[in-house]
Amino acid sequence: MKTISCMNIDENLLYSFGAENKGYKKHESVFREEDHAFYYFQISEGKVKLNNYNENGKEFIHNILGKKQSFGEAMLFLNQDYPINAICLEDSRIIRLPKNNFFEMITQHPDLSLEMNACLSQEIFYKLKMMQSLASQNPMQRLKGLLDYLKSYHDEDCHQCFHIAFTRQQIANLTGLRVETVIRALKKMEKEGMLTLKDRKILY
Amino acid sequence: MVIDENILISAGAETRRYTPSEVIFFEGDIPNYYYQIVKGEVKLNNYNEEGKEFIQNILSDGESCGESILFIEKPYPVNAEAITECSILRLHKSAFFNLLNQSPELYMEVSSFLSERLYYKFIMMQSLSSQNPSIRLRGLMDYLKSSQKDLSPYSFLVPLTRQQMASLTGLCVETAIRTIKHMERDKIVRIENRKILY
């Protein structure tokens, strides 16, 4: 599935400012809620989810990120601890650059500042869209919000050919719904001609 | 304050006045300007198919609105509507980027500001994902209170109407009112002259 590469900084530039490449196992956390932000993180291989658990242990996923994407960088600019966990969904390699080196790099490469702002803006845009759909009590509305957003990064405008490469459980956790509700709502959306289900794959 | 008003004015910004419920920009409009509130309150909102309002954020003196969309090639995903009488500085997009290109410090300030917006959304999305009205309302109040110096119980006067609290959390106003009463009984909030203390 196509993902936006944001903030995709040239790996050699990161290394020249002292970044290291670190291996993580599946399920291992990169940082935890309430940790201080000490590093800029960029995925070189693998997948990471940003999540929270509520009082009942129910998981909410904020985002799933892949190769060439950064995460948690907003907290470098704030005096706030992480409001989220970052957990590897598969064995991953992540480049990390200490906070001070990151700011030195940005100061020496002003073009990165513009890119940084574009990247933060992109994330805000996603959250504006997702908050709107999360505010709805209607499961189909919530799902449509997520699918529309994901599809908006697809290059070709096609009719029900965009493959949603998330599991039902991940979709449930991204929209704050129970997995049973997601399965039922997806079937209903298929019946209403909003999407196609083919070998359990969701085409939108 | 995001950007010094004098800097904006010398870069060519004009001051515009808006009356309550006047629209500054509509969802779907192409962003052409940077907006910064001199005085007044503005809400960013959406309406769903049934016309129910969802408020994304309420902004006031010294805050910019919709600035994040200038950095990406997308139409506005929200409306911006004046709540009170507003006076707003408006600077053309190209002049705004010229200004940023001349000043790396300003770039950094914009980054911090965008990061703050994102932080709010991390907190609010988490509480919106819950179906429980009390968790949604507490998420909102926790966030608003987190910028206060005094964090002791009931020290924070929630500066919102019940309707605004409902629209910020995706609840019906009746649900919000009922839940706030339950929260008073559970000693989560105190209510004095209809004002909510958290």
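Annotation note: of A:Ile183, A:Ile94, A:Ile87, A:Ile124, the sole residue that is surrounded by fewer than 17 Cβ atoms within 10 Å (Cβ to Cβ), in contact with a Lys or Arg (Cβ under 7 Å, 6 or more places away or on another chain) and not aromatic (Phe, Trp, Tyr) is A:Ile183.
Considered as a group, the residues in the range B:38-49 that are within 18 Å of the chain's Cα centre (by Cα) and part of a loop (DSSP other than H, G, I, E, B) include one that is nearest to A:Phe125 (Cα to Cα), and that residue is B:Glu41. Against the test of being surrounded by 15 or more Cβ atoms within 10 Å (Cβ to Cβ), among the hydrophobic types (A, V, I, L, M, F, W, C) and assigned by TED's automatic domain parsing to the domain that holds B:Ile30, the options B:Ile88, B:Ile123 yield a single qualifying residue, B:Ile88. For the range B:18-25, state whether one or more residues are within 14 Å of chain A (Cβ to nearest Cβ), over 13 Å from A:Gln132 (Cα atoms) and not in a strand (DSSP E or B). No, the range B:18-25 contains no residue that is within 14 Å of chain A (Cβ to nearest Cβ), over 13 Å from A:Gln132 (Cα atoms) and not in a strand (DSSP E or B).
Of all residues in the range A:109-136, those satisfying the criterion of being more than 7 Å from every other protein chain (Cβ to nearest Cβ), in contact (Cβ under 8 Å) with a residue 60 or more places away in the chain and either assigned to a loop (DSSP other than H, G, I, E, B) or within 17 Å of the chain's Cα centre (by Cα) (or both) are A:His109, A:Cys119, A:Tyr126.
Is it true that A:Glu59 is touching a residue at least 40 places away in the same chain (Cβ under 8 Å), within 12 Å of another protein chain (Cβ to nearest Cβ), touching a strand residue (DSSP E or B) at 6+ places or on another chain (Cβ under 7 Å) and surrounded by fewer than 20 Cβ atoms within 10 Å (Cβ to Cβ)? Quick ask: steps written out before the conclusion?
Values: touching a residue at least 40 places away in the same chain (Cβ under 8 Å): yes; within 12 Å of another protein chain (Cβ to nearest Cβ): yes; touching a strand residue (DSSP E or B) at 6+ places or on another chain (Cβ under 7 Å): yes; surrounded by fewer than 20 Cβ atoms within 10 Å (Cβ to Cβ): yes.
Judged against the criteria, A:Glu59 is a match.
Check B:Tyr35 against each of (1) assigned to a helix (DSSP H, G or I); (2) out of contact with any Pro (no Cβ under 7 Å at 6 or more places or on another chain) and name the one condition it does not meet. Evaluating B:Tyr35 over (1) assigned to a helix (DSSP H, G or I); (2) out of contact with any Pro (no Cβ under 7 Å at 6 or more places or on another chain) leaves (1) as the failure.
Only residues that are surrounded by 15 or more Cβ atoms within 10 Å (Cβ to Cβ), more than 9 Å from chain A (Cβ to nearest Cβ) and under 17 Å from B:Phe113 (Cβ atoms) were counted in the range B:61-79, giving 4. Scanning the range B:126-177 for residues that are within 14 Å of chain A (Cβ to nearest Cβ), outside any helix (DSSP H, G or I) and either among the small types (Gly, Ala, Ser) or at positive phi (or both) turns up B:Ser129, B:Ser130, B:Ser147, B:Gly170. Residues that are closer than 30 Å to B:Glu53 by Cβ, surrounded by 19 or more Cβ atoms within 10 Å (Cβ to Cβ) and free of Cβ contacts under 8 Å to residues at least 60 places away in the same chain occur at least once in the range A:73-80.
The values are calculated or read from the model by the stated rules, or taken from the named source; none is laboratory data. Keep in mind the model is a prediction, meaning the values are calculated, not measured. Quick reminder, even Gly has a Cβ in these numbers, built from the backbone with ideal geometry, and neighbours come from all protein chains shown.
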